[in-house]
Amino acid sequence: MAGKRKTSNEWEGGNSLKKRKTDRSEHEALLFTDLSDLLQLLTRHGYSEDRYYRLSLFLGLSPNTISVIEADHRGDTGRCLSDCLTKWLQKADDVVKKGGPTIYSLVSALRELGENGVADGIDMEIHPACKILSHYTSNQSLVSALPQLVKFLHAEKLIKEMMLSTNVQGEILLIQIKEAICTDYQKLEALAVILCHITITADIGYAIQNEYKKVFCINDVIEFNDDNAEGLKIYLPQSLNSDFKSMRLKFVKIFFKVKSVIITKNSQSSTLDDIKYMLIIYNNSLKPQVDQCQNINSILELISTNCSLNDISMLEFVVDELNINEVKAVIQDYNEAIKAFSETKLTQYLEEKFAYASPLECETIVIVVDKDAAEAILNDVKRLSSAIFESLSQHVKYILVERAKSYAITCSFSLILSEQLITAALNNIDVLKENKVKKLTIGYCTVYEVNDTSTVATTELNKHHYISSLSTSSSLMKQLMLSLSVQLINSEEEVTTLNEENMIMKEETKSLKEALDTKNKMLNVSIADSERFKAETKQLLQEKESHLTEHKEENKELKEMNKLLEEQLALFQSEKEGTQQEMEVEIKSLKREIKQKDDKIKEVQGKDFLLFEDDIYGDIIIDHPLIIKIVQTRQFQRLKKITTLGYTYENKTKANYTKLQHSIGMYYFAGEYVKQLQRKQPELNITESDVLCVQIAALCFNLGVGPFSHIFGLFLKEICQKQHIEKPWDNFSEASVNMFQYMLEDNEDLMESFRRYFNNPEAVITFIKELMREKRKMQCIQDKEFLYEIILNESQMNVKVIDYTTRDAAVMGAKINFKWRVFLAKVYVLRCDDGKLHICFHEDDLETYNDFFSTHSRLYRDLYYVRKIRIVALMIKVMLTRADNTELIQDTNSKVTISDAARSMVAYTQLTDSVLILIRESVKDPLVQTLLDCLDESKFIAEIGYIIPPEDWNKNPDDLKEAIVKATGIDEIECNLIIDLVLNGYEGNETWTQYYYRDDDSTGKWTDRWAQERYHANLPWRVFFVSGDRGLIKTVQEGFKKAINDLRIETWKLYPPRENYDLMPEKVSMECVK
């Protein structure tokens, strides 16, 4: 026999990154032509192109090289990534020192950057053997069994050195095994064979073998001449050949029946489309073949090709989905017939022939079929007999032979039979010589071998001499030792299993005895309750009779009372006028009392407590001295001058609440949240210190917010991109942590208060900072993990989101079904699958939370991204950007620009919405002054149009802007074009998850069902233009139309002239500010 393995360059065609032979390591350099596939590989595994800078450094490129690339493609992160990878493939700078342009160095760089998910995905795709092994590495049976297999693993070079099984852990061995398989994929097959030797890991071994064959051996071709075949030959009788043909005809009959029914219904076109759709959903790999089917005949032919004599599941699927009832009975009859045939005639015949075969003769079995049998009949014989042989022996594998209408089955043997097989072979050495066999090996033992240059003696003396020398050879001893080791391991496992089963039976006996005693006690109690119930029932009947008599008397009294009430009603009518006057006097008195209480509150306000009137939670009283000190700092009071919704209040008059109000609300809600858990679950050991820390973290969460809230974030991002510098912080929570630290340093008495109320103030301050961070820098405190999920969490159902969503819904007058008090009453902390304590919601409330996210998304549509509101936000961003050349904000020793103020908390403390007043007074830019006037006079920049990007669009906003500039031919408009991407609040929801609990206190985790986007559609990209020149606006709109035609965008719209009725002044200098 001769075989050909499937190489890894055949494993998945079309990807040049995978086209390498199996004996080549992953250190092989990529070619320059691999660039496009390399980009696709990174994209497939979720690598973000905007992180190209650090990746390029870790790959060996110099900062100068990266800077030149950035200068050539300013703002185009995709092009920057592409050019950096090109330089890497060209081995520029220190690329060779970093390992050269190889898959290994790429994966290593990604791991150093913390991009483990991307690195693992690439590693698994490039190395299918590693991917197969990863399916089983978490199996504890495998890990615990590895120390027992040290000898075998070392013999196959799966581990580096021999170790005693008592001194090594399975996890350490598994790491070495992974490294060996990553270097040589064929080691995976060796591992599978070893695992098959032990009962506890046999199933894992067979599973790995099956996956290995599907990936690496799918194209095996075996050359075999059946005329000279050794071993057992089984000739199928003519009757069985005829039965196979008969079953094949029944198989054809089903498809003919389906075709007849479809044609009779006169709906071939719609039925054909339905079947095509179902087949693509059933198996996406069939799509190219399905697309070529033009009629019912061709589609049924495709289905028959993918069915077999004993598997017509695809046809059954189509029949069930199309509800073809006329065929279901035929299919049922066919399934019964094929089952009867395979389980009776064929099984009995093969079992009879196979049972009498010698174990040594069964190394190869050839089943010979009628020479005139068609190819389909041959396949049918193969499939059905293969299924039968699987039940006869778990060590049988079957391979179709291309010649002589037959197929071969190769049988392996268990290690425990080694001694018997070697003995049998030694007793038949003469037979081996007569057949001119040169070498026979069983396991590690070479039983017989003759050199080409020598002659073989056939005397009895030589035979005995050979047997004697063999009995002392190390190879024989090694094979027998392996056999004994496997027997010993299996024996130990059987003893362990028996002991475990014995212990389980003892426990079950004890449990049953306790249950019986309990049942007897319950029965005695039930009998006593029954007797008591009888006595109570008798007494109740007697009482009912007595009550009936009493009711008759009461009825008479009620009639008399009714008459009396009518008389009193008449008297009340006459006294009504006098009572009304008395009520007015009483109301005036109450008003005076309320005024007196208000005056009293004002007198003590700022001394013992603070009172805030909140639209969501009612009156909020702050009475803790430490919280009062924080609220009274200038860092916190700064939030009174920053609106939560930016400049939205110009369009929505109710949208004028400040970040201070939002922060006070978060403080109160977070406090109620953690106090509720403290009351309901005392076992959580939530201390008063924990409660105070959570309240402080919620209160200070917004300290780092800039002027006009999220508008300032857009401004900072644009400035840093233009100047090619890093942002002062990744997100507002980091800015809040910095401001919190500055607040402690700037207020000495505040730090004294921390020392007064906390035993370890430094640790407490660190804990509060971690509660505030979106990306934590330290591990959670053990068994207090849930405290980190109150203000921020992965599910987005947290104090921050709930508070601002509830407030913003009130701004819109939108009805919100979410009730925060009900929410807190149903929240519990439970230990989940990861072994940690998490906040859990009730399983039945999933739709309530999804409704909340739907309301949150509607706010994006109806409030945050209303076109006029968004235009105002963008106008402010333009003003901040153009004013950033002027030093406006006072820092410690000098004035700094707006963007530089974000890097110094001294200056940042002074940066609020009032920055527009400073800009008005100090910035001389004509466009900035015009835009300030426009805000006062409700004039706006121009609206050009919008596009709906297609699903597979890979362009960015700068690409669209560049296309419009090119289409107009006016370079000067570039800096005044604004591409604004509309969001819907579900961005990133594929990563949101939430733990939940059931009524039996078991837990689960919502992933796909959590925060489901109910109405998915591609969101628009809006195009605005900072100008009031109607002629220029029309030119830009014409360029917009030409650009979208060039980009082949199907869905778009120009805003009509009436949308630009309130334009800014026409004659304004439009020069760009660098």
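Cβ-Cβ below 7 Å, separation at least six or inter-chain, first residue in the range 201-227 and farther than 23 Å from S144 by Cα, second of a type in the set (S, T, N, Q) and at pLDDT 50 or above: which pairs?
Close Cβ pairs satisfying both conditions: none exist.
Of G60, G46, G75, which residue is surrounded by fewer than 18 Cβ atoms within 10 Å (Cβ to Cβ), touching an Asp or Glu at 6+ places or on another chain (Cβ under 7 Å) and in the same structural domain as V107 (by the TED database)?
Matching residue, one of G60, G46, G75: G75.
Do we find a residue being without any contact (Cβ under 8 Å) to a residue 12 or more places away in the chain and in a loop (DSSP other than H, G, I, E, B) anywhere in the range 1035-1048?
Taking every residue of the range 1035-1048 in turn, at least one turns out to be without any contact (Cβ under 8 Å) to a residue 12 or more places away in the chain and in a loop (DSSP other than H, G, I, E, B).
Please determine, by comparing only the residues of the range 711-721 that are touching a helix residue (DSSP H, G or I) at 6+ places or on another chain (Cβ under 8 Å) and in contact (Cβ under 8 Å) with a residue 24 or more places away in the chain, which one is farthest from D913 (Cα to Cα).
C720
Can you tell me which of (1) farther than 21 Å from I948 by Cα; (2) outside any loop (DSSP other than H, G, I, E, B) is the one E1066 doesn't meet?
(2)
Within the bounds of the range 125-135, is there any residue that is at pLDDT below 80, surrounded by fewer than 20 Cβ atoms within 10 Å (Cβ to Cβ) and basic (K, R)?
Yes, there is a match, as at least one residue in the range 125-135 is at pLDDT below 80, surrounded by fewer than 20 Cβ atoms within 10 Å (Cβ to Cβ) and basic (K, R).
Hey, can you tell me all the residues within the range 929-957 that are farther than 25 Å from R79 by Cα and either open to solvent by less than 50 Å² (accessible area, probe 1.4 Å) or in a strand (DSSP E or B) (or both)?
Q929, T930, L931, L932, C934, L935, F940, I941, A942, E943, I944, G945
How many of the residues making up the range 264-286 are surrounded by fewer than 13 Cβ atoms within 10 Å (Cβ to Cβ) and either at pLDDT 80 or above or in a helix (DSSP H, G or I) (or both)?
Qualifying residue count, the range 264-286: 8.
Across the range 759-790, what is the total count of residues that are at pLDDT 90 or above, of a type in the set (A, V, I, L, M, F, W, C) and open to solvent by 10 Å² or more (accessible area, probe 1.4 Å)?
Final tally of qualifying residues: 4.
Report, by residue number, each residue of the range 1033-1052 that is open to solvent by 30 Å² or more (accessible area, probe 1.4 Å) and more than 14 Å from E943 (Cβ to Cβ).
T1035, E1038, K1041, K1042, N1045, D1046, L1047, R1048, E1050, T1051
Out of (1) assigned to a loop (DSSP other than H, G, I, E, B); (2) farther than 26 Å from E683 by Cα, what's the single condition that is false for R756?
Of (1) assigned to a loop (DSSP other than H, G, I, E, B); (2) farther than 26 Å from E683 by Cα, only one is false for R756: (1).
Could you grab me the full set of residues in the range 821-868 that are open to solvent by less than 40 Å² (accessible area, probe 1.4 Å) and either among the charged types (D, E, K, R) or in a strand (DSSP E or B) (or both)?
Selection gives V829, L830, L837, H838, I839, C840, F841, H842, D845.
Taking the conditions exactly as written (modelled with pLDDT under 85 and either closer than 24 Å to E794 by Cβ or open to solvent by less than 40 Å² (accessible area, probe 1.4 Å) (or both)), does V1068 satisfy them or not?
It is true that V1068 is modelled with pLDDT under 85 and either closer than 24 Å to E794 by Cβ or open to solvent by less than 40 Å² (accessible area, probe 1.4 Å) (or both).
In the range 959-1016, what residues are more than 23 Å from V878 (Cα to Cα) and touching a Cys at 6+ places or on another chain (Cβ under 6 Å)?
Matches in the range 959-1016: Y995, Y996, Y997, T1003.
For P926, are the conditions met, namely being outside the structural domain of R74 (by the TED database), closer than 18 Å to P1020 by Cβ and surrounded by fewer than 20 Cβ atoms within 10 Å (Cβ to Cβ)?
When the stated conditions are applied, P926 does not pass them.
Does the range 791-809 include one or more residues that are under 28 Å from E734 (Cα atoms), open to solvent by less than 70 Å² (accessible area, probe 1.4 Å), touching a Ser or Thr at 6+ places or on another chain (Cβ under 8 Å) and not in a helix (DSSP H, G or I)?
yes
Just for the range 681-719: of the residues that are in a helix (DSSP H, G or I) and β-branched (V, I, T), which one is farthest from G646 (Cα to Cα)?
In this case the residue turns out to be V691.
Considering the range 681-691 alone, what residues qualify as being within 17 Å of C840 (Cα to Cα) and open to solvent by 60 Å² or more (accessible area, probe 1.4 Å)?
The answer is P682, E683.
Regarding V290, is this residue at pLDDT 80 or above, within 18 Å of K257 (Cβ to Cβ) and β-branched (V, I, T)?
Answer is no for this residue.
How many residues are touching a residue at least 60 places away in the same chain (Cβ under 8 Å) and out of contact with any Phe, Trp or Tyr (no Cβ under 9 Å at 6 or more places or on another chain) if we restrict to the range 1000-1013?
1
Hey, among the residues in the range 896-923 that are open to solvent by 20 Å² or more (accessible area, probe 1.4 Å), among the β-branched types (V, I, T) and assigned to a helix (DSSP H, G or I), which one's nearest to Q741 (Cα to Cα)?
Among those that are open to solvent by 20 Å² or more (accessible area, probe 1.4 Å), among the β-branched types (V, I, T) and assigned to a helix (DSSP H, G or I), it is V906.
The values are calculated or read from the model by the stated rules, or taken from the named source; none is laboratory data. Please read these numbers as outputs of a predicted model, since none were measured by experiment. Virtual Cβ from ideal backbone geometry, glycine too; neighbours counted across all protein chains shown. When the accessible area is computed, the model is the full protein with side chains, heavy atoms only, and any ligands, DNA or RNA have been set aside. Shrake-Rupley method; radii C 1.70, N 1.55, O 1.52, S 1.80 Å.
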